[in-house]
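*Asks:* Structure provided below as C-alpha cells; questions to follow.
The values are calculated or read from the model by the stated rules, or taken from the named source; none is laboratory data. Since the structure is predicted, the reported quantities are computational estimates derived from the model, not experimental observations. Heads up, the Cβs are rebuilt from the backbone with ideal geometry, glycines too, and the neighbour counts pull from every protein chain shown.
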Amino acid sequence: MNVLEYLWAYVLVFILAAVPFFEGYGVVALAMIAGLSPIAAILIAIAGNVATVLLLIVFVEKIKAWRRKRKGGEEKEPGKRMVRAQNLWNKYGLPGLALIGPLVVGSHITAFVSLTLGGTKQKVAVWMTASIVIWCIVFAVLVHFGVDFLGYADRPNLFN
C-alpha cells in the first residue's frame, strides 16, 4: 500500500468519525480491522468526532432556532426518547448522560440533548470530549484483544 492510499484511509477515518451515527468508536474498530495503525486511527477518529460535536455545541442556539422555525414555532409534548433522556439527566446528571448517550443515540444527539436539558456549553464540551476519548479507547482495546482472541492476527488485513 503506498503513501497516498494510507493518507486516503486516514482521511476517510476522520470523515466517517465526524459523521453523526458513525461515531468515533465504531470507526476506530473498522480502521483497526482494516489494518490501520491503532494509535493513529484512535487519534484521528477522536479528532473527527470531537470536531463536529464542538461545532454543534458552538452553534446550538442557531440549530434550536432553525428547529423552532421549521416546526412553526409551536412546542409539542416531549417524545419518549426525550423523557428517557430527562430521566437519565435527573438520575445521573451530565456525566451520566455524556457517558451513556453516545452508545445509545450517538454523541451529536447526546450533546444537543445535554444542552437542551440545561448543561452549559463548557461542561457539555468537556464531558462529551471525555466520553468520546473513553469510548474510542475502550473499543480499540476490545477490538485489539477480540481480534487476537479470535485468531485473526495471523490472517492478512483488508489492504494486503
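*Asks:* Read through the list (1) basic (Lys, Arg); (2) surrounded by fewer than 15 Cβ atoms within 10 Å (Cβ to Cβ); (3) under 18 Å from Thr52 (Cβ atoms), then give the number of the only condition that Lys80 fails.
*Replies:* All conditions are met except number (3).
*Asks:* For Val11, which of the numbered conditions (1) β-branched (Val, Ile, Thr); (2) surrounded by 13 or more Cβ atoms within 10 Å (Cβ to Cβ); (3) over 11 Å from the mean Cα position of the chain (by Cα) fails to hold?
*Replies:* Val11 satisfies every listed condition except (2).
*Asks:* Within the stretch 135-157, does at least one residue satisfy the condition of being modelled with pLDDT of 90 or more and closer than 24 Å to Phe59 by Cβ?
*Replies:* Within the stretch 135-157, one or more residues are modelled with pLDDT of 90 or more and closer than 24 Å to Phe59 by Cβ.
*Asks:* A further question on this structure: Of everything in the stretch 91-117, what is farther than 21 Å from Pro20 by Cα and surrounded by 11 or more Cβ atoms within 10 Å (Cβ to Cβ)? Give them in sequence order.
*Replies:* Tyr92, Gly93
*Asks:* Among the residues of the stretch 48-66, write down those that are surrounded by 10 or more Cβ atoms within 10 Å (Cβ to Cβ), without any contact (Cβ under 8 Å) to a residue 12 or more places away in the chain, within 22 Å of the chain's Cα centre (by Cα) and in a helix (DSSP H, G or I).
*Replies:* Of everything in the stretch 48-66, those that are surrounded by 10 or more Cβ atoms within 10 Å (Cβ to Cβ), without any contact (Cβ under 8 Å) to a residue 12 or more places away in the chain, within 22 Å of the chain's Cα centre (by Cα) and in a helix (DSSP H, G or I) turn out to be Leu55, Glu61.
*Asks:* Tell me the residue from Ala9, Ala65, Ala51 that is over 20 Å from Leu142 (Cα atoms), at pLDDT below 90, of a type in the set (Gly, Ala, Ser) and out of contact with any Cys (no Cβ under 8 Å at 6 or more places or on another chain), please.
*Replies:* Values: Ala9 fails: at pLDDT below 90; Ala51 fails: at pLDDT below 90.
One residue alone meets the criteria, Ala65.
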